[in-house]
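Just below is one structure, and these are the notes that go with it.
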Amino acid sequence: MEITGKIIAVLEARGGTSARTGSPWKMQDYVLETINEQYPRRICFNVFGEDKITSMNIQLNEILTVYFDINAREYQGRWFNDVRAWKVDRNINPAPQPTPDGPTPFTAPAQPAQPVQNVQPAQPTPPFENGGNDGEDLPF
């Protein structure tokens, strides 16, 4: 999956030693806010591994496309989502922001609409013979 937006927060890196393998690990979280939407959304994602954190070099206020995977895990009967980035793309040309005056003006179609010809006026429907009350409450 991918999402494009602006990095609005770079959280503190955290790390430790794996209880299973004994090797050190490092992880850093970032918050991205989507751009060019009426209601911007935010997503917190992480980058796992000191080498990836260094190579991605994500900075505050940067506009990126982030490629990520989502995985859920269970811990003590509760479920947690993990949004892990595996690639970032910096070659982003942001689309123009909508004007505060409102949406862009309507543009006319390429060719004008053709006039409608030979249209018969609608015939009125006759009323019910017994005043619409034939012993049933249903209109059909």
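Only the coordinates and a few stated rules stand behind these numbers; no lab work does. Since the structure is predicted, the reported quantities are computational estimates derived from the model, not experimental observations. Positions of Cβ are generated from backbone atoms using ideal geometry, with glycine treated the same way; all protein chains shown enter the neighbour counts.
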Return the residues of region 71-93 that are exposed (fewer than 10 other Cβ atoms within 10 Å of the Cβ) and of a type in the set (A, V, I, L, M); say none if nothing qualifies.
Ala72
If I filter region 1-43 down to residues being of a type in the set (S, T, N, Q) and more than 22 Å from Asn91 (Cβ to Cβ), which single residue comes out as surrounded by the most Cβ atoms within 10 Å (Cβ to Cβ)?
Gln28
For region 44-69, how many residues are touching a residue at least 60 places away in the same chain (Cβ under 8 Å) and either within 10 Å of Lys26 (Cβ to Cβ) or aliphatic (A, V, I, L, M) (or both)?
2
Boolean, Asn71 is among the polar types (S, T, N, Q) and within 20 Å of the chain's Cα centre (by Cα):
yes
Per the filter on region 26-67, residues over 22 Å from the mean Cα position of the chain (by Cα), assigned to a loop (DSSP other than H, G, I, E, B) and not polar (S, T, N, Q) are Gly49
Within the bounds of region 38-54, is there any residue that is acidic (Asp, Glu) and closer than 15 Å to Ile7 by Cα?
no
Answer with yes or no whether Asn46 is surrounded by 14 or more Cβ atoms within 10 Å (Cβ to Cβ) and either among the polar types (S, T, N, Q) or in contact with a Phe, Trp or Tyr (Cβ under 8 Å, 6 or more places away or on another chain) (or both).
yes
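Let me confirm something: among Ile3, Ile8, which residue is farther than 20 Å from Ser55 by Cβ, assigned to a strand (DSSP E or B) and touching a Leu at 6+ places or on another chain (Cβ under 9 Å)?
Testing whether each residue is farther than 20 Å from Ser55 by Cβ, assigned to a strand (DSSP E or B) and touching a Leu at 6+ places or on another chain (Cβ under 9 Å) leaves just Ile8.
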